[in-house]
Amino acid sequence: MKSKTIKVDYLARVEGEGSLVVNIKGNKIKDLKFKIFEPPRFFEAFLIGRHYTEAPDITARICGICPIAYQMSSVHAMERIAGVKIEGPIRDLRRLIYCGEWIESHVLHIYLLHAPDFLGYEDALQIAKDHPDVVKKALELKKIGNDIVNLLGGREIHPINVRVGGFYSIPSKNEFLLLLERLKWARDAALETVRWAASLPFPDFDFDYEFVALRHPDEYPFNEGRLVSNKGLDIDISEYENNFFEEHIAHSNALHSVNKKGEPYFVGPLARFNLNFDKLSPLAQEISKEVGFLPPVTNPFKSIIARAVETVYACDEAIRIIDNMDWNTKPYIDFEMPGGIGYGCTEAPRGILYHRYKVGPDGLIQSAKIVPPTSQNQKQIERDLYEFVNKYINLPKNELQWKLEQAIRNYDPCISCATHFLKIEFIQE
Amino acid sequence: MAATKNKKPKLAVWKFASCDGCQLSLLDCEDELLQVAEIVEIANFPEASRAIQSGPYDISLVEGSITTPHDAERIHKIRRQSKVLITIGACATAGGIQALRNFKDVREFINIVYANPKFISTLQNSTPISYHVYVDYELRGCPINKYQLLEVLNAFINNRKPNIPNTSVCIECKRKGITCVMVAEGKVCLGPVTHAGCNALCPTYNRGCFGCYGPKEGSNTSSLSNQFEEMGLSNYDIVRTFRGFNAYSDAFRKESEAYEK
């Protein structure tokens, strides 16, 4: 019987180190593994004994692409322990810095990591040789996201200005106003990105997913909301660990996050879009309608359009926040830390990022649990790969391999974040 | 930036245990990225490209620390393929945040984090690249400063010494005219003993330096600890202050160990 093996030792254009092995015998998949061989880093262990105020600086180091998400989930968890609710301008500024991270991360993924798949290039630098203006524009758009994080966070990677209770300081109004004009340009560039992304060739591939995302009564979710799904889930984030579990998968010896029924679920831009379309800004809804991109979208390859729509939203929301900001605000609020257990769940660019901490009356962390989005999507990614191979088993090997890599990149996996759920296997040269 | 030879130098970017932030700094050079790509041949950079060319490489940028037996071997292969090897960031130059394991029994850490400890293959210590192979140049920071990265690349391509300051954060603070957050406001600050490079970022944002760039050469850490004691910090507070992203660098490690006893 004819057999073929697809082996990608080192997945490119994802953050971190992962690999893919598919064994096909005849017309059947014999084995399929999406593996991660990123070394363990033990954040949950060394957070024990650290002061609660250190959590945002330490957890930011889990990921260079989405440090704001780690900072936001941790500050919200700590504030929940202290019974503090952040309102008004500080809350808006937290949304603003999240806008910056979404713009930066989404544009990086859309143009530099994912677009080459659709256009048949190995990387964005090759695209730049044929279409320099497209890549230059993408870099300028990405830069505006980074500049928001830079201004409010101090630097784009591992920002230093986020603290439990608010910010260490707030830059001057004028500096934000300088961003405003550029953000208006960015919003137009993002609208164009949606039109461009919607015109890409998408493989015929749909699936009945359980999409999971935060949902807030008044706004598109960044930091707060209940956890909901299209299959009837609607819980407070403190119920997360009663509804999602880590499972031991025999074929890969890997721990995957699954729902109550033991099934995979889907987090990220497509999940947020499907569950929160009505909370997008009017402009973001309009452009979605214009290109015929409306929920429910069940083709994971179209997540690139959801990222583009969310980039429009993030530009729009950043403009709204800067326009309406009261700049004479104290950067943070003071409170007492009584100790206890707290939960934080925010929408990282790649999906929900869950944190739980137990803090003692002395302010020291006694235990920590962190579940990054890529860990949650991992089982879903593997199922997509399985279904895709089943459907397109007769594609030429090289084409199938590239499509499978692309199917993984649909989720923009951040493997550096995801390590602690997975068996560490070494097959890299 | 201009190459002195006609042939483009080949650049490779390698990753060990890390958050990917330092190599991301290259993609965050939005204004300069396309120019860099014109001057060097990006021959091996998996985070950015599927196209991987084989070695040898003129310049290897290495991110991350050595934490597994496999990686301890892999770094030697990379060294053999690289004319110049430059480490980027606190993980590669000091073992990174994951070096906090070095002060504990790593088996305890494995049991806390993993359901199936037997699957985990890891070393007791997280160590910098220079513990394993010869390193031509170390660029500090958690993360590195992207403009310093461009300066270092430029310098090596043009066969000159990089112009990177080796003073302390204090000097950067004074140059910016920032009031001392420790003297004036009683904030804990590692600025006097920390290597320059961030342009005094934290004091600019009204907080004390927490040592992202690691110890400056010849730093007087014990004098600073005396000051911390006078400010009312407990021994454990001082241990934690020196145990951040550069905990395993000699100066910070020794100072934290002195207060652990």
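When we screen A:ASN259, A:ASN230, A:ASN243 for residues that are touching a Lys or Arg at 6+ places or on another chain (Cβ under 7 Å), among the polar types (S, T, N, Q) and closer than 22 Å to A:ILE352 by Cβ, the only hit is A:ASN243. Read through the list (1) farther than 21 Å from B:LEU24 by Cα; (2) of a type in the set (Ser, Thr, Tyr); (3) touching a Pro at 6+ places or on another chain (Cβ under 9 Å); (4) touching a residue at least 40 places away in the same chain (Cβ under 8 Å), then give the number of the only condition that B:TYR114 fails. Here B:TYR114 clears every test but (4). The helices (runs of 4 or more DSSP H) found wholly in segment B:152-208 and carrying at least 2 residues that are under 18 Å from B:SER225 (Cβ atoms) occupy B:169-176, B:181-185. Only a single criterion out of (1) of a type in the set (Phe, Trp, Tyr); (2) under 20 Å from the mean Cα position of the chain (by Cα); (3) within 14 Å of chain B (Cβ to nearest Cβ) is not satisfied by A:TRP102, namely (3). Selection of first residues in segment B:198-220 that are of a type in the set (S, T, N, Q) and of second residues that are in a helix (DSSP H, G or I), restricted to Cβ pairs under 7 Å at least 6 apart or on distinct chains, gives the following pairs, ordered by first then second residue: B:ASN199/B:GLU172; B:THR204/B:LYS176; B:ASN206/B:VAL181; B:SER219/B:VAL193; B:SER219/B:ALA251; B:ASN220/B:VAL193.
Of the residues making up segment A:359-384, those that are surrounded by 24 or more Cβ atoms within 10 Å (Cβ to Cβ) and of a type in the set (Gly, Ala, Ser) are A:ALA368, A:SER375.
Among residues of segment A:43-88 being touching a residue at least 40 places away in the same chain (Cβ under 8 Å) and of a type in the set (Phe, Trp, Tyr), the one that is nearest to the other protein chains (Cβ to nearest Cβ) is A:PHE43.
Considering only residues of segment B:219-245 that are within 18 Å of the chain's Cα centre (by Cα) and away from every other protein chain (no Cβ under 12 Å), which is surrounded by the fewest Cβ atoms within 10 Å (Cβ to Cβ)? Only one residue fits best here, namely B:SER219. Note on segment B:36-149: enclosed helices (runs of 4 or more DSSP H) holding 3 or more residues that are farther than 16 Å from B:ALA12 by Cα, open to solvent by 10 Å² or more (accessible area, probe 1.4 Å) and of a type in the set (A, V, I, L, M) are B:106-113.
For (1) closer than 30 Å to B:ASN206 by Cβ; (2) of a type in the set (S, T, N, Q); (3) open to solvent by less than 10 Å² (accessible area, probe 1.4 Å), each residue gets a yes or a no:
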residue	(1), (2), (3)
A:LEU283	no, no, no
A:VAL291	no, no, no
A:ALA314	yes, no, yes
A:ALA318	yes, no, yes
A:THR346	yes, yes, yes
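The residues on offer are B:TYR137, B:TYR147, and the sole one that is farther than 28 Å from B:SER223 by Cβ, free of Cβ contacts under 8 Å to residues at least 24 places away in the same chain and within 15 Å of the chain's Cα centre (by Cα) is B:TYR147.
The values are calculated or read from the model by the stated rules, or taken from the named source; none is laboratory data. Computed from a predicted model, the values in this text were never measured in an experiment. Glycine gets a Cβ as well: all are built from the backbone with ideal geometry, and neighbour counts include every protein chain shown. In case anyone asks, the SASA skips ligands and DNA or RNA and just uses the protein heavy atoms, side chains included. Shrake-Rupley method; radii C 1.70, N 1.55, O 1.52, S 1.80 Å.
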